[in-house]
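Asker: One structure follows; several queries about it will come next.
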Amino acid sequence: MRIDVTLTAEAVDPQAIAAATVLVVDVLRASTTMTAALAAGATAIVPVADAEDARRRRAAAGRDAVLAGERRGNTIDGFDFGNSPVEFASGAVRGKIVIFTTSNGTRALLAARGAPAIGVAGLVNLSAAAAWAMAAERHIAILCAGERGARSLEDVVCAGLLVERMKTAEPGVQLGPAAAEAAATARPYAKDVARLRAASSWARHLVRSGRGADVDACLAIDTTTLVPVFLPDVDKVVSGPR
């Protein structure tokens, strides 16, 4: 078994993931928000590229669907929800389909759609996501969403912690160069990921914008065993086996 890490959605090589189990990582905040929405009773999440497509999907889906998403961290005008795990945790989306678009996370999911299995990982489901990916016994590709084409510290740390979990479970696993680098980046944060609140530029931006509760919710390890799974053939993210 081999583990590779891709640091941004833009760097995805479709051929490299064609036979891989992919874990998509967007710690702040799409991975955490999707996990929270499904845990709170959303029936599915439909990831889309832009707001216009989201509105078209909502019109076609009717009353059972809600719109959620952000650009540059702010809720899109006219949408029912932003990209907030705290907001979704209220249960307001129980029984609803969430049509979702974000600056980075949903783009990464859509970039991975050629893979045979696609899960969503964050710090909140770190151990469960690692176990889910390893269960398929194929090459594992961890895809960091990044930040508008640049690497994101919190995503790299999460990827590195996933690598470490997998190495512990399967000591003979082979690491690609980026996976080894991510693991090294993650080690200083392993015992205190809350340090990312100050170390991550995007975390600092969210805190300044009044979204500190979201940051705190995202920077918590193993608060759930739910792993969202993207099914490209039906364009939906659903709860995986628990």
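Asker: Defining a contact as two alpha carbons under 8 Å apart and six or more residues distant in sequence, what relative contact order in percent does region 2-237 show? Each step should come with its number before you reach the end.
Answerer: Details: 519 pairs, mean separation 77.6, N = 236.
Here the relative contact order equals 33 percent.
Asker: How large is the translational diffusion coefficient of region 2-237 in µm² per second when you combine the Kirkwood radius over alpha carbon pairs with Stokes-Einstein at 10 °C and 1.306 mPa s?
Answerer: D, rounded to a whole number, is 92 µm²/s.
Asker: Could you compute the FRET efficiency for R2 and R63, with r as their C-beta to C-beta distance and R0 at 41 Å, rounded to 0.05?
Answerer: With a Förster radius of 41 Å, E is 0.35.
Asker: Rounded to the nearest 5, what is the percent of antiparallel bridges among the DSSP beta bridges in region 2-237?
Answerer: Restricted to region 2-237, the bridges split so that about 25 percent are antiparallel.
Asker: Another question, then. Which FRET efficiency value, to the nearest 0.05, is calculated for D233 and A18 with the Förster distance at 22 angstrom and r the Cβ-Cβ distance?
Answerer: Details: r = 15 Å, r/R0 = 0.70.
E(calc), rounded to 0.05, equals 0.90.
Asker: Summing +1 for each Lys or Arg and -1 for each Asp or Glu, what net charge is found among the other residues whose Cβ lies under 14 Å from the Cβ of A186?
Answerer: +1
Asker: Please enumerate, by chain and number, the lysines with C-alpha under 18 Å from the C-alpha of K236, excluding those fewer than 8 residues away in the same chain.
Answerer: Here the lysines satisfying the reach criterion relative to K236 are K96.
Asker: What are the ³J(HN,Hα) values, in whole Hz, obtained from phi via the Karplus relation 6.51 cos²θ - 1.76 cosθ + 1.60 with θ = phi - 60°, for each residue of region 84-100 in sequence order, with x given for Gly and Pro?
Answerer: 10, x, 5, 4, 6, 5, 5, x, 5, 9, 4, x, 10, 8, 9, 8, 10
Asker: For D50 and T185 in the same chain, what is the full-extension length gain: residue separation times 0.36 nm, less their Cα-Cα distance, in nm?
Answerer: Contour length minus Cα-Cα distance gives 45.4 nm.
Asker: Something else about it: Can you grab the distance from the C-alpha centre of region 77-153 to the C-alpha centre of region 194-242, Å, no decimals?
Answerer: 8 Å
Asker: Would you work out which of P232, A199, A182 lies farthest towards the positive end of the dipole of the chain, given +1 charges on the beta-carbon of Lys and Arg and -1 on that of Asp and Glu, about the Cα centre?
Answerer: Farthest towards the positive end: A199.
Asker: At 222 nm, what value in deg cm²/dmol follows for the chain if DSSP H runs of at least 4 each add -39500 (n - 2.57) and the sum is divided by all its residues, to the nearest 500?
Answerer: The per-residue figure over the chain is -10500 deg cm²/dmol.
Asker: May I pose another question? Restricting the count to DSSP beta bridges whose residues both fall in region 21-127, what percent are antiparallel, rounded to a multiple of 5?
Answerer: 10 percent
Asker: From the phi angles alone, apply the Karplus equation (6.51, -1.76, 1.60; θ = phi - 60°) to region 36-41 and give each ³J(HN,Hα) in whole Hz, x where the residue is Gly or Pro.
Answerer: Ordered by residue, 3J(HN,Hα) equals 5, 5, 5, 5, 8, x Hz.
Asker: So what J values fall out for region 236-242 if you push phi through Karplus, 6.51 cos²θ - 1.76 cosθ + 1.60 with θ = phi - 60°, rounded to Hz, Gly and Pro as x?
Answerer: Residue by residue, region 236-242 yields 9, 9, 10, 5, x, x, 10 Hz.
Asker: Which far-off residues, 5 or more places away or on another chain, put their amide H under 5 Å from the one on V24, with H placed in the peptide plane?
Answerer: G119, V120, A121, L143
Asker: Can you pull out the trypsin sites (Lys or Arg not before Pro) in region 73-112 whose DSSP state is coil and whose Cβ has at most 16 other Cβ atoms within 10 Å?
Answerer: In loop regions of region 73-112 (DSSP not H, G, I, E or B), the sparsely surrounded trypsin sites (Lys or Arg not before Pro) are R94.
Any read-out appearing in this document is the output of simple, stated calculations on the displayed coordinates, not a laboratory observation. The structure displayed is predicted, hence computed values, not measured ones. As a convention, Cβ positions derive from the backbone with ideal geometry for all residues, glycine included, and neighbour counts pool all protein chains shown.
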